[in-house]
1. Could you please let me know if A:Thr105 is within 12 Å of another protein chain (Cβ to nearest Cβ), under 11 Å from A:Cys23 (Cβ atoms) and among the β-branched types (Val, Ile, Thr)?
2. So if I check each of A:Gly103, A:Gly42, which one is buried (at least 19 other Cβ atoms within 10 Å of the Cβ), out of contact with any Pro (no Cβ under 6 Å at 6 or more places or on another chain), at positive phi and not in a strand (DSSP E or B)?
3. Going through the range B:70-111 one residue at a time, which ones are within 13 Å of chain A (Cβ to nearest Cβ), among the small types (Gly, Ala, Ser) and either touching a Phe, Trp or Tyr at 6+ places or on another chain (Cβ under 8 Å) or part of a strand (DSSP E or B) (or both)?
4. If the Cβ limit is 6 Å and pairs must be 6+ apart or interchain, which residue in the range A:30-58 that is more than 10 Å from chain B (Cβ to nearest Cβ) and among the hydrophobic types (A, V, I, L, M, F, W, C) pairs with which residue that is buried (at least 20 other Cβ atoms within 10 Å of the Cβ) and assigned to a loop (DSSP other than H, G, I, E, B)?
5. Of the numbered conditions (1) within 11 Å of another protein chain (Cβ to nearest Cβ); (2) surrounded by fewer than 21 Cβ atoms within 10 Å (Cβ to Cβ), B:Pro44 fails exactly one; give the number of that condition.
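Just so you know, all these numbers are worked out from the coordinates, no wet-lab data involved. No experiment lies behind these values; they were computed from the predicted model shown. Every residue, glycine among them, receives a Cβ derived from its backbone with ideal geometry; neighbour counts consider all protein chains shown.
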Amino acid sequence: EAGVAQSPRYKIIEKRQSVAFWCNPISGHATLYWYQQILGQGPKLLIQFQNNGVVDDSQLPKDRFSAERLKGVDSTLKIQPAKLEDSAVYLCASSPRGATDYGYTFGSGTRLTVV
Amino acid sequence: DAKTTQPNSMESNEEEPVHLPCNHSTISGTDYIHWYRQLPSQGPEYVIHGLTSNVNNRMASLAIAEDRKSSTLILHRATLRDAAVYYCILRYDSGNTPLVFGKGTRLSVIA
């Protein structure tokens, strides 16, 4: 089974610029998550989708971050405008709906550096 | 969210067993204990999970205390490829409950 695909793998931008990340989850996985991982810390949930609906976006900084999941498959996460503190790895994960038995599958992430 | 406490780091010799502890004294009856690990430059990967009984799979074993206030992830023979950050996570018995990560334990394996 193919894993969770993310692109780009690395991105360097200047502050106040915009950036977008793309995620393609495992086929058939209804639930998709975006996490932010700052160096030295564990991943922090930004947003959770169930099919194409948002389940939890309470920790998403909505003044600058946005995310969508079109047709319940691929997802994009956008930052506009970026700040220095947004430098982090952005991880996408997916799981089958209602899965407590099989866990999440994570992508390798996108490393964002804001200069 | 219920909290877990793990040592910041541990070290092991290659081919020896490793016992990674996790304390979760405020665990509720419906919290599952999940373990994930994160290899360098990779996303986290699922290792094992359990509720009350000890669990074994091809990657590791999970030993859960009788009162469920602590658990131990056991790697039976550490290899260099097991060097990673290991996260112990409590997850409410719901398929839609997201994983909440702490800082985890950084395991170093010495050849």
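1. Working: within 12 Å of another protein chain (Cβ to nearest Cβ): yes; under 11 Å from A:Cys23 (Cβ atoms): no; among the β-branched types (Val, Ile, Thr): yes.
Taking the combined requirement at face value, the residue does not satisfy it.
2. Details: A:Gly42 fails: at positive phi.
Unique residue meeting the criteria: A:Gly103.
3. B:Ala84, B:Gly102, B:Gly104
4. As it stands, the answer is A:Leu32/A:Pro25, since those pairs meet every condition given.
5. Here B:Pro44 meets the rest and fails (2).
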